[in-house]
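What follows is a single structure, written as structure tokens, with notes after it.
The values are calculated or read from the model by the stated rules, or taken from the named source; none is laboratory data. All figures in this text were calculated on a predicted structure; none of them were measured in a lab. Note that we place each Cβ from the backbone using ideal geometry, even for glycine, and neighbour counts take in every protein chain shown. Calculation scope for accessible area: heavy atoms of the full protein, side chains included, ligands and nucleic acids excluded. Shrake-Rupley method; radii C 1.70, N 1.55, O 1.52, S 1.80 Å.
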Amino acid sequence: MIVFFDIGSTLIDGPPLGPARRLSDTLGLGSEAVSELERILFRSPARDPEELANTIVNRMGVNRLRVDRNRALEACTTLWNAQLEEAYVLPGAREVIEKRRSAGIPRAYLSNIWPPFYEHFRQEFPEEAEGQPQFLSFQTGLMKPDPAFFQLALRALEIRAEEAVMVGDTYKNDIRPAIELGIRTVWVLHRPEKEKADMIAVMNGDAPPPDLTLASIGELEPSKLLSHANY
């Protein structure tokens, strides 16, 4: 068995508004630009704010949304630096990872994430970042809930879907696609207010349930994980 961990809002978190929404608001692009900005942020391997700004100007121009390069650079620099400082480790996350390590449970990281937020994860969990397999959207160009992202990880690790467990906070991105591929799931309801519609769908039988539901990442004891894996 291998455990795939999501990173953002599962192990580390930040402000309530995501980076794409904040960037769209700063640049005055409106809500219709948020999805495209999210794809740019999470799928572009930008090394610095300038590279990210150039990508945004070019990509948004294709969508007929003109973005001034100087404004984009200023907004990207501000947001980039803020994300380096704003991220924080969720309560219980360190202990959960340490218990997996002590129990010898293989783990990997499968996450929609962009470079500055990942940098905070790398600083807080250096042994994990250096020593465990990672499948990150800004490196692979793939994003959850695309099943190809999960399949890439399974192929790279040479494991079958039934040999994996996905731990994540988002039903749409983490849980539903994993279930559909035959991967066992642990839904961490760290932000239940954002998952309300999916919670109702699961409770009403309109969506498949996860194997295990927890209120916080700190509740993920190795015994719970192993007992629900059925291996």
In the stretch 10-36, the residues that are closer than 25 Å to ILE175 by Cβ, modelled with pLDDT of 95 or more and of a type outside the set (Val, Ile, Thr): LEU11, ASP13, PRO19, ALA20, ARG21
Test result for PHE150, open to solvent by less than 40 Å² (accessible area, probe 1.4 Å), part of a helix (DSSP H, G or I), touching a strand residue (DSSP E or B) at 6+ places or on another chain (Cβ under 8 Å) and among the aromatic types (Phe, Trp, Tyr): yes
Scan of the stretch 10-44 for residues that are crowded, with 22+ Cβ neighbours inside 10 Å and part of a loop (DSSP other than H, G, I, E, B), ordered by number: THR10, LEU11
Filtered residue count, the stretch 59-102, keeping only those that are exposed (fewer than 14 other Cβ atoms within 10 Å of the Cβ), part of a loop (DSSP other than H, G, I, E, B) and at pLDDT 95 or above: 1
Near pairs, Cβ below 7 angstrom, 6+ apart or cross-chain, from the stretch 187-198 (touching a residue at least 24 places away in the same chain (Cβ under 8 Å)) to any residue that is open to solvent by less than 60 Å² (accessible area, probe 1.4 Å) and part of a helix (DSSP H, G or I): TRP187/TYR171; TRP187/ILE175; VAL188/ILE217; HIS190/ILE217; GLU195/TYR171; ASP198/TYR171
Odd one out for VAL188 among (1) of a type outside the set (Lys, Arg); (2) open to solvent by 10 Å² or more (accessible area, probe 1.4 Å); (3) farther than 23 Å from ARG39 by Cα: (2)
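If you take the residues in the stretch 3-44 that are in contact (Cβ under 8 Å) with a residue 12 or more places away in the chain and polar (S, T, N, Q), which one is nearest to ARG71 (Cα to Cα)?
Checking each candidate, the answer is THR26.
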Residue under evaluation ALA53, criteria (1) under 27 Å from PHE150 (Cα atoms); (2) open to solvent by less than 80 Å² (accessible area, probe 1.4 Å), criterion not met: (1)
Subset of the stretch 149-170 (residues that are within 16 Å of ARG100 (Cβ to Cβ) and of a type in the set (Gly, Ala, Ser)): ALA164, GLY168
Verdict on TYR171 being aromatic (Phe, Trp, Tyr), closer than 23 Å to ALA20 by Cα, at pLDDT 95 or above and open to solvent by 50 Å² or more (accessible area, probe 1.4 Å): no
Sole exception among (1) in contact with a Ser or Thr (Cβ under 9 Å, 6 or more places away or on another chain); (2) part of a helix (DSSP H, G or I) for ILE113, by number: (2)
Condition broken by ILE105, with the remaining ones in (1) under 29 Å from LEU154 (Cβ atoms); (2) of a type outside the set (Phe, Trp, Tyr); (3) open to solvent by 20 Å² or more (accessible area, probe 1.4 Å) satisfied: (3)
Hits in the stretch 145-171 (condition: at negative phi, charged (D, E, K, R) and free of Cβ contacts under 8 Å to residues at least 40 places away in the same chain): ASP146, ARG155, ARG160, GLU162
Qualifying residue in the stretch 123-134 (condition: among the hydrophobic types (A, V, I, L, M, F, W, C), at pLDDT 95 or above and closer than 22 Å to GLY218 by Cβ): yes
